[in-house]
Amino acid sequence: MKFVNRQFGEFEFDEKHVLELPEGIIGFGEFRRFLIVDDEDTQPFRWLVSLEDSDLSFAMIAPETVVSGYEGTYFKGENVTVFLFVALKEPVDGSTMNLRSPLVIDNAQRVGRQVILDDETLTMQFPLFSRSAELVE
């Protein structure tokens, strides 16, 4: 299938790569079909691209890239992939990531859900470019 996205232009994808989010993303509940785009020009970020709105893309990052112990603390033994949403800002050193509400993807079903973790020590605006982030168990 072909799709045109404002950020990435036209690209082709296979239906098996579509990620279903039955509840959508917080604030964007009406959009439920997405692709995860891995653009080498914007590494280490990945993009959650809506297939229902060509202008809608969310920057994400794998937690292990920036937060030591995050997945192991909250998602032990689960067959999931976890991403943190990133708010990219100008200047870029003001960018933040949401530690409290990650996107969790069931790898077997290709279904995802944004969850709100019940840990008030996690912030929704953690500085992306902090010296180091480590969770204390």
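Every number here is computed from the coordinates shown, using simple stated rules; none is lab data. Quantities reported herein were computed from a predicted structural model and do not represent experimental measurements. Heads up, the Cβs are rebuilt from the backbone with ideal geometry, glycines too, and the neighbour counts pull from every protein chain shown.
Quick notes on this structure:
- The stretch 38-78 - percent relative contact order, Cα under 8 Å, separation 6 or more: 26 percent
- When only the Cβ of Lys, Arg, Asp and Glu is charged (+1, +1, -1, -1), the dipole of the stretch 2-134 relative to its Cα centre reaches about 140 debye.
- In the elastic network of the chain, a GNM with C-alpha springs shorter than 10 Å, the most mobile of LEU48, LEU122, LEU84 is LEU122.
- For the chain, the Stokes-Einstein estimate of translational diffusion at 37 °C and a viscosity of 0.692 mPa s comes to 210 µm²/s, using the Kirkwood hydrodynamic radius over alpha-carbon pairs.
- Couplings 3J(HN,Hα) for the stretch 74-91, derived from phi with the Karplus relation 6.51 cos²θ - 1.76 cosθ + 1.60 (θ = phi - 60°), are 9, 9, 5, x, 9, 8, 10, 10, 10, 10, 9, 6, 10, 9, 7, 10, 9, x Hz, where x marks Gly and Pro.
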